[in-house]
Structure formats: C-alpha cells, structure tokens
Amino acid sequence: MKLIAAGFALLLGMGFFSPDNQTSFIPSGTAAADSGKQLYTTYCLSCHQASGKGVPSLNPPLAGSSWVTGDKQRLIRVVLNGLEGEDIDGETYNNVMPGHDFLTDQQLSEVLTYIRSSFGNKADAVTAAEVKAVRSAGK
Amino acid sequence: MKLLIGVAAAGALAWMTSGQDPVPLKLPSGFTATVVNEGVGKARHIVVDASGTIFVKLSKLEKGKGLAILRDTDKDGKAETVSYATGYAGTGIAIWKDWLYDSSDSSVYRYPLKNGAIDESKRETIVTGLTFQREHGSKSITLDDAGHLYVNFGAPSNACQERNRQLGSKGMEPCPILEWYGGIWQFDGAKKNQKQADGVRFATGIRNAVALDWNPASKQLYALQHGRDDLHRLYPSLYTDEQNAELPGEEFLLVKKGSDFGWPYCYYDWQTSKKVLAPEYGGDGGRKVGICEGKDLPLLSFPGHWAPNDLLFYTGNQFPARYKNGAFICFHGSWNRSPLQQRGYLVAFIPMGKDGKPSGKYEIFADNFAGGEIMSPGDAQARPVGLAQGADGALYISDSINGKIWKITSRK
C-alpha cells in the first residue's frame, strides 16, 4: 500500500496529473497525512511556503490563521473557489489565491486536514463529505 | 598555511563590513555602510534632495501618513529627525527640478520642493483615476530631461490566464490586459488631472516594471521586469522545481517608444539567451520560439524571481570612476524559488558603456540584507527596495520590512 501511495506521489511530482481527471489518486483509507502533505507541496507550497508562514504582504500565513482553524465551510470555499482582495486577520495581501476545484473531494479533505493539523495548528479533520456538501451548495 | 592566510586576507579586503550594524552589509573593498535610520515604516522608493533630506515613500500608512521625511539635524551622520506627510501610501517617488513627485497605486502627485520641505497646500494631481489593483499595483515613476513622466502599469496577473494563477487555466489570446496594463505609459509631467487615456502607451509586454529610471547619460529609459512565477506549479510536466527556481530571467530592458518585450506570450530564458513561448501559449518547456521571434530582448538578465524593485543610474563623483553612469539595481529577493533556498536579497551593479549598453557582467554590490541563507522571505532580516543618490554622491538604500535606511559611501 505504501508503495502505491509513493508511486502516486511520484506521478504527482512528475506532472502526470491532469486537472480534468476527477478521480482521486489516493485511495481512501491510506495515510491521509502523507498524501495531504504531498498535495500541499504540489499545489500550495510555492505561495504559502514550506513553513506555512506565507510571504509578507503577498501570501498570508496558514500557520495560526483563523481562516484555517475556524469555520470549515469558509475554509473549503476559499480553497475550492479562490480568494482575492480580502483582508486576512487585519492584513492585506497583494497576490491572488487561485481556485482548486479541479481537486477531488477526497484530495481537498486531505490537504485541508493537513493544514489544520500542521504548522502548529490543531484543528479537527475535514471529511470528503463536508467538501462535497460545500461544492454542491456552490453549484 | 601561508596560502590560507593569504586567501583570508584577500577575503577581508574584498568584503569590508560596517562596524556597528548587527547584520552588516557585505560591500566591495573601499565602501562603507552606515545605518542612517533603523526604521521609518514599510519603505518603498526613496529620494534625497540637494539639502540632504531623505524622502521615503511608504507602502503602509505610518501615523496616518504615507511619506517619511528624514533629516540629520545635528550633523552626526544619522538621519534621526523624522516627520511624516501626505495621506496616501504608495511606491513611486522622484525629484524633478523644484518638484517632488510621488504616487499612490491610483494617482501621481507633485509638490513644490524647497530646502528639504514640500508644500502640501500646493499639491498638484498629475495623473488620477487609475484602477486600484492589489497585484502588481505599484505605480513606479521616473521623469526624463524634457519633463515627461513615465509610469509603470503592472499587469494584475501572472501570465494572463483566464483564471489567474489557476492550474490548467488557458492563456487568453490576445491578452486583453495589455490594453491598460503590462507596460509603461508616458504622460506630460506638468499637466494636471490626466487620466490614463491621456497618456501614451510607451512600451508594452512588460509584466511589472517596479524598477525604472531615466539614464541622463544615454538619454534613454530603462527598466527591469519582474518575470512570471510558477512554471513548475502550473506546468509540472514541463519544468522541474530547479528550473522553476532559475527561470525566467529578470530582464534588464532598454525601453524605447514602441518596445514590446513579449509578456505574457513569451519569457526570457537566461540560460539559453532566448525569448521563448510561455507554456500558457503553446510553449514546450523552453524550445519553441514562435511569435517570440520578433520580441525585444533584454540587455542583460538576472536569475529568476530576484524581484528587481529599483534602478538608479549613478551620476555622482564620490564612487570610483568605473561606477559613473553605471546601473545600480535593488532586488527585493525571491519567494517563488521554493522549495529551494531563496535568493536575491541584494543590490547589484552593471557597468555601462558610452553606447548606453552594459560594458560588462553584473556584479553583486551590496549583499547580506537577508542576514544569511533563508528558505522563506519571512526569515529575512531586511529586504532592499529603493535606491537614491545624495548630492555628495553617496548611495542610499531602503528596506521594506522596517524601513531601515543605509548610506553607502566610498573613500575612492
């Protein structure tokens, strides 16, 4: 199983991932933390940085952010649809947050669970069902 | 052993450091850095007038004000007297004849300037009504000898995708952003209340030119482009993390009327010295050239993501002769090199020939602003953002984190 997960991670890293493909590469029941981290590295790290501390004035921190550890629905909406021009915890940021609606419910739940439990954050997991509910409400 | 000592001595000679600063800048031998102020706010561009007064534009209001004015009242070499003026933040600032020009992200203003003081009651609005944008919103400015005003209109976009910075989103063709952004506009520097449409699109295809300056020796306009981000995140099958960290080049541009440097369709690969198609427009990872064939090339290029934030042509006599009319370039430092180490928290120098072109390679002039190797911009001690020249030929550098101001002098 581990080997398969690593294989998928490699595929992601090598860019065989196609945004149109809606099936998850990570079968449910695998180590979600590992794949959550892998997803973070692939899709989020360049802006929010490995430390989750972001880039001053450009990309907000996920570490200690009320948007990450607070209301799950708002969090899911931000990562699904993106965000622009919003003040984050009293600061302004000049970059834009792209939408990630090309990720599956399962992938989004894993990356969100990862950011809620990393960089010093301690909040509970996000399930695929919760992502699905927000995604369908937005359609 | 002897050899080792020799090397160490040469090293000490080559890198003179200033004494009192806890994070001393590294400078070439013969130059000294003095911290003239520890912090005046979130600094952007700076100018120094004939009286030695330093004007610092701020990106965030400090005590409700957007301009810090620094004086060395007791003549001890520190600019300890700080006052604040104007009610808007921004980036651009310039002195032209008896005027101080500055900009918010949506207007350009000017004030009569005399003996280190501006008259706020006589403010004139030169350009107004520009659309406020967060991404690449800095309205950097410079003026030519004839009094034309040049303003950067950075593109509110990375690569003109239908959905900005989103994986899988196509590049728009033609890119509609270029009509009002992604270039440098020219205005009449003395005419009030001009709208963008009253200006001329002087040059296009420049993603964001925070650094621009008129070169009084060659009588031409120059700028540096902030190259696009995220080749790897957006096109992982075409670019590795390592390629993403180095590409594209940060281009040093000679900007002529009608120049087109190719953004968003093209980017400059400094490793192959070619302007190539961006992946959003059919690029294949750096080989295909296509419509980039006819685009204007840079005079010289720096590695990726260093973020050139100011340019200054040195006209002073204090520095050794080889610096005369050369270009100092202030790099704010990278963020888009992740997961690799960040780079480019420095001031570089390009020697310039009589033909107005570089006469040699670029050199690192002032380094160690970050205070060591860093993985993320938040770990930097300081980030150089603005450059100015004093009447005595000293070079001033501002920092965007705390608004620290250095004065660089040389004993020639």
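Of the GluC sites (Glu not before Pro) found in the range B:38-141, those that fall in a DSSP loop while having at most 16 other beta-carbon atoms within 10 Å are B:Glu38, B:Glu80.
With bins 20 Å wide beginning at 0, the percent of Cα pairs of the protein assembly as shown falling in each bin runs 21, 53, 24, 2.
Here the calculated FRET efficiency for A:Arg74 and B:Arg163, from their Cβ-Cβ distance with R0 = 22 Å, stands at 0.60, rounded to the nearest 0.05. Inter-chain neighbour count for B:157-168: the average number of beta-carbon atoms from partner chains within 10 Å of each residue's beta-carbon is 4. If we count every other residue with Cβ under 15 angstrom of B:Lys354's Cβ, Lys/Arg +1 and Asp/Glu -1, where does the sum land? Counting the neighbours of B:Lys354, the net charge comes to +3. Highest mobility in the GNM of chain B, judged by mean-square fluctuation with C-alpha springs under 10 Å and restricted to B:Leu167, B:Leu297, B:Leu149, is found for B:Leu167. If you model the range B:7-154 as an ellipsoid using its alpha carbon gyration tensor, with each semi-axis the square root of five times an eigenvalue, the axes come out at 32, 18, 15 Å, biggest first.
Expressed as a whole percent, the proportion of Cα-Cα pairs in the range B:38-121 lying more than 16 Å apart is 46%. Among the residues of B:130-136, the average count of other protein chain beta-carbon atoms within 10 Å of the residue beta-carbon is 3.
When only Cα pairs below 8 angstrom with a gap of at least 6 residues are kept, chain B shows a relative contact order of 15 percent.
Computed per residue of the protein assembly as shown from DSSP H runs no shorter than four, each worth -39500 (n - 2.57), the mean residue ellipticity at 222 nm is -4500 deg cm²/dmol. Cα centroid separation, the range B:337-368 to the range B:119-167: 25 Å.
For B:Met172, the solvent-accessible surface computed with a 1.4 Å probe is close to 50 Å², ligands and nucleic acids excluded. Peptide B:325-335 shows a mean partner chain C-beta count of 1 within 10 Å per residue C-beta. Across the options B:Tyr222, B:Pro236, B:Gly285, the greatest Cα extent toward the positive end of the charge dipole of the range B:188-305 (unit charges at beta carbon of Lys, Arg, Asp, Glu) belongs to B:Tyr222.
Counted by Cβ distance under 10 Å from A:Leu62, the other residues give a net charge of +2, where Lys and Arg count +1 and Asp and Glu count -1. For chain B, with a Gaussian network of springs between Cα atoms less than 10 Å apart, report the residue from B:Lys60, B:Lys122, B:Lys42 with the top mean-square fluctuation. Taking springs between Cα atoms under 10 Å, the residue moving most is B:Lys122. Residues with beta-carbon under 13 Å from that of A:Leu108, excluding A:Leu108: net charge, scoring Lys, Arg +1 and Asp, Glu -1? Here the charged neighbours net out to +1.
Accessible area per residue was computed with a 1.4 Å probe on protein heavy atoms; B:Val200 scores about 60 Å².
The values are calculated or read from the model by the stated rules, or taken from the named source; none is laboratory data. Everything quoted here is computed from the prediction, not taken from an experiment. Backbone-built Cβ (ideal geometry, glycine too); neighbour counts: all protein chains shown. Remember, those area values only see protein heavy atoms, side chains included, never the ligands or the DNA or RNA. Shrake-Rupley method; radii C 1.70, N 1.55, O 1.52, S 1.80 Å.
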